[in-house]
1. What net charge do the residues around Ala130 carry, taking every other residue with its C-beta under 13 Å from that of Ala130, with Lys and Arg at +1 and Asp and Glu at -1?
2. Which whole-Hz couplings ³J(HN,Hα) result when phi for each residue of the stretch 428-435 is put into the Karplus expression 6.51 cos²θ - 1.76 cosθ + 1.60, θ = phi - 60°, listed in order with x for Gly and Pro?
3. Please state the shape class of the stretch 187-338: rounded when a/c is under 1.5, otherwise prolate if a/b exceeds b/c and oblate if not, all from the C-alpha gyration tensor.
4. Could you tell me the calculated FRET efficiency between Lys150 and Ser482, based on Cβ-Cβ distance and R0 = 35 angstrom, to the nearest 0.05?
5. Quick one: which residues, 5 or more positions from Arg184 or on another chain, have an amide H under 5 Å from its amide H? H modelled 1.01 Å from N in the peptide plane, none for Pro or chain starts.
6. Once a ≥ b ≥ c are taken as the square roots of the eigenvalues of the Cα gyration tensor of the stretch 5-163, is the result rounded (a/c under 1.5), prolate (a/b larger than b/c) or oblate (a/b not larger than b/c)?
7. Ranked highest first by the average count of other Cβ atoms within 10 Å around their residues, in what order do 386-395, 428-437 fall?
8. How much of the DSSP bridge set in the chain is antiparallel, in percent, rounded to the nearest 5?
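Computed from the coordinates by the stated procedures, all read-outs in this text should not be read as laboratory data. Remember, predicted model here, so these are calculated numbers, not experimental data. A quick note on method: Cβ atoms are made from the backbone with ideal geometry, for glycine too, and the neighbour counts reach across all protein chains shown.
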Amino acid sequence: MAKLVADQIVDMLVEAGIKRLYAVTGDSLNHLNDAIRRDGRIEWIHVRHEETGAYAAGAEAQLNGLACCAGSSGPGHVHLINGLYDAHRSGASVIAIASTCATIEFGSDYFQETNTIKLFADCSCYNQIATTSEQVPRMLQAAIQHAIHKHGVAVLGLPGDIASDDARNITTSTKVYKPNPIIRPSDEEIIELAALLNKENNIAIYCGIGAVKAHDEIVELGRLLNAPISYSFRAKMGIQHDNPYEVGMTGLLGLASAYRSMHDADVLLLLGTDFPYTPFFPEKNKIVQIDIQPERLGRRANLDMGLCGDIKDSLSALIPHLKEKKSRDFLDAMQTFYKEVNQRMQTYVEDRGKEDAISPEFVAATLNKLASSDAIFTVDTGMTNVWTARYIEGTGQRMLLGSFNHGSMANAMPQAIGAALAQPGREVYALCGDGGLSMLLGDLITIVQYHLPVKVIVFNNRSLGMVKLEMEVAGLPDWQTSMLNPDFAAVAEAMGFKGFTVRSPNDLESTLTLAIHTPGPVLINIFTDPASLAMPPKIEFSQLKGFALWMSKLMLGGRYEEVLEAIKSNYKHIKDINI
């Protein structure tokens, strides 16, 4: 049998390091499916929904460097979109193969025909469709290079008739190249930055995901400058550990200590961050930003200096030019405040909640205590994000994945599939909201089918908690945010999981311990307090006004019990208002 284009694709994917492909097979994708079956070197992961496959591939790419998913004509393409958006905005190197109808049918409004160029244009760094067999290897090589080096999604449109055609040899390369250049600011810029940092007294450092590979250099920078170090949610696992200068994270999910250090500093040094919430940046400080992508410089804050470079390379060049600062007054003040904030945070853990209203902070803190030091956590967008951000701690080995840039629901369970396949032997926890899990509930069976020991933890507050909070802050009565949920543990049991339900805080730790030590997939359905709030590190008057208006409208509408329950559940926040 002559080698087909589909066989050629398999060879190139294997050469690039692809171990598995996430997809739902069908029509135009069938020749690639058969080539993978005959070859045997790539595992076909049969997800129940292409969105799940895209999320799983995005998670694997963030952990292992490169991953692949596919979708067949029309609906399969559309189903990929949300997961691919998330992967692309997360900087995950993903190859997406979008198989299409036969080339002869292009432009005829054929059954399930979609224009892949238009469809994937906004969530890819490479996006082409092959119309001849000679184009495929060249396009796939370009797609792989783009995905790896531009850190995003690369889409190859593959018509069914092209996949089944005889492979053609090409004169250009089909290999994958992974150069590792040194990228840093010029010597003149390094000297200018060093002069600024040596001159000023109170310096704060804020780190994003682009800085995590420079952990040791950042700690050394903190030592030389006596600078408090804060970080984004995505950077927490990589920056928090073994860091005597850290003061927590800022943002909507963060702590007042990080917010204060950034605002009280004379100079704020932004490293590898594209943190999007401009109200959390100071306006009167001197601000310096270093980023590998120069187009990001200055789009979140008004800069005194904007420099292009890899953070590790840049700091390695900068540190020899810095003078060690003698005064620790600013650092000590910020860390004392950080200690106070952490002590107040324990209030939420100590108040464990009650029957059917367990404190979600207590749940996250308990899991943090029980999980292994190299566990992988995937977390749904929404309130579950808040509890994870504040109570799951970095160790230097733990990993945390979420939809941090795209902000989609339903990401945690699919990402856990990719994480468990990419990193076998590590504990994997999917921290799911009840709303998020409901969206892609069917792919629980994928976890069972591939015998993945994922522990799915459901923060079951019977509501769209973050949406409810947004409405409360805006002074609107929450409406259509309540969730009528199934018995998640029973559903999971029907799919082949071991299921547990926790209604009392007294049973939480023992049940989590049992679940962790139970082989195979486990789902723990935890009834958390639907009235728990998540206050940001800086509370604006408009937010307080919104809460008051919300309570007034509920009371006028006769919902007295809900107002009373919200006050009782969140009295702890009252003493945090002036943090």
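1. Values: positive: Arg138, Arg168; negative: Glu134, Asp161, Asp165.
That sum, taken over residues with Cβ under 13 Å, equals -1.
2. 10, 10, 9, 8, 10, x, 5, x
3. Rounded, because the longest to shortest axis ratio a/c is under 1.5.
4. Details: r = 42 Å, r/R0 = 1.21.
That pair, Lys150 with Ser482, gives E of 0.25.
5. Result for Arg184 returns Asp310.
6. Working: a/c = 1.36, a/b = 1.19, b/c = 1.14.
Since a/c stays below 1.5, the shape of the stretch 5-163 is classed as rounded.
7. On the way: 386-395: 21.9, 428-437: 28.1.
Top of the packing list down: 428-437, 386-395.
8. Numbers: 4 of 71 bridges.
Antiparallel bridges: around 5 percent, rounded to the nearest 5.
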